[in-house]
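The values are calculated or read from the model by the stated rules, or taken from the named source; none is laboratory data. Because the structure is predicted, anything quoted here is derived from the model rather than measured. Here the Cβ is made from the backbone with ideal geometry for all residues, glycine too, and neighbour counts use every protein chain on show.
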């Protein structure tokens, strides 16, 4: 019988395979963003969205070359729910996985994973952090290819397209979720 871990259980699982503060913080950030967006878009499944956000990079620190494939294996060994596994693995679609995000929640994860990194990097450059950051500031950083070069603009754009959103709309939604 497969199970759906709580956010706390997901955090413990992530901590088994990740020790770097950056990776742990990224998991927390994505989980928070997923939960905030779920409150508006899918209020009865906030915990599920948050747990998926927490688990999405469970394998990245130890197995970066097998990212998503190793997550699939680990989560199956732990008897995690199939929908949760699909959501986690689909965030790597076209990058390191051929599992396509089909549900709205999966598309949100795909779209916001890289974007939270870009916004987080921009916040570090500001004395007030994210609190008063505007969408146009993030757009400016988005256009600067040298800024946070590890955050794929193509993936962020593809995520916005998947959701049928303008890039600025996706940025605004993610900024609001990060600020909450």
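The residue list 24, 75 contains one member that is in a helix (DSSP H, G or I), under 23 Å from residue 175 (Cβ atoms) and at pLDDT 95 or above, which is 24.
Every residue, every condition in (1) more than 16 Å from residue 91 (Cα to Cα); (2) surrounded by fewer than 24 Cβ atoms within 10 Å (Cβ to Cβ); (3) touching a strand residue (DSSP E or B) at 6+ places or on another chain (Cβ under 8 Å), yes or no:
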{"residue": "24", "(1), (2), (3)": "yes, yes, no"}
{"residue": "39", "(1), (2), (3)": "yes, yes, no"}
{"residue": "43", "(1), (2), (3)": "yes, yes, no"}
{"residue": "51", "(1), (2), (3)": "no, no, no"}
{"residue": "62", "(1), (2), (3)": "yes, yes, no"}
{"residue": "65", "(1), (2), (3)": "no, yes, no"}
{"residue": "70", "(1), (2), (3)": "no, yes, no"}
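Going through (1) more than 19 Å from residue 8 (Cα to Cα); (2) buried (at least 24 other Cβ atoms within 10 Å of the Cβ) one by one, residue 58 falls short only on (1).
The rows are residues; the columns are (1) under 23 Å from residue 52 (Cα atoms); (2) under 15 Å from the mean Cα position of the chain (by Cα); (3) modelled with pLDDT under 95.
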{"residue": "123", "(1), (2), (3)": "no, no, no"}
{"residue": "129", "(1), (2), (3)": "no, no, yes"}
{"residue": "140", "(1), (2), (3)": "no, no, no"}
{"residue": "151", "(1), (2), (3)": "yes, yes, yes"}
{"residue": "158", "(1), (2), (3)": "yes, yes, no"}
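Taking the listed residues 95, 85, the one that is out of contact with any strand residue (DSSP E or B) (no Cβ under 7 Å at 6 or more places or on another chain) and either closer than 20 Å to residue 20 by Cα or not in a helix (DSSP H, G or I) (or both) is 95, with no other qualifying. Of all residues in segment 1-14, those satisfying the criterion of being out of contact with any strand residue (DSSP E or B) (no Cβ under 9 Å at 6 or more places or on another chain) and loosely packed, with under 13 Cβ neighbours inside 10 Å are 1, 8, 12.
Residue 113 falls short of the stated requirement of being surrounded by fewer than 22 Cβ atoms within 10 Å (Cβ to Cβ), assigned to a helix (DSSP H, G or I), at negative phi and modelled with pLDDT of 95 or more. Taken over segment 160-174, the residue count meeting the criterion of being under 16 Å from residue 134 (Cα atoms) and either touching a residue at least 40 places away in the same chain (Cβ under 8 Å) or in contact with a strand residue (DSSP E or B) (Cβ under 8 Å, 6 or more places away or on another chain) (or both) is 4.
Within the span defined as segment 49-69, one or more residues are more than 17 Å from the chain's Cα centre (by Cα) and in a loop (DSSP other than H, G, I, E, B).
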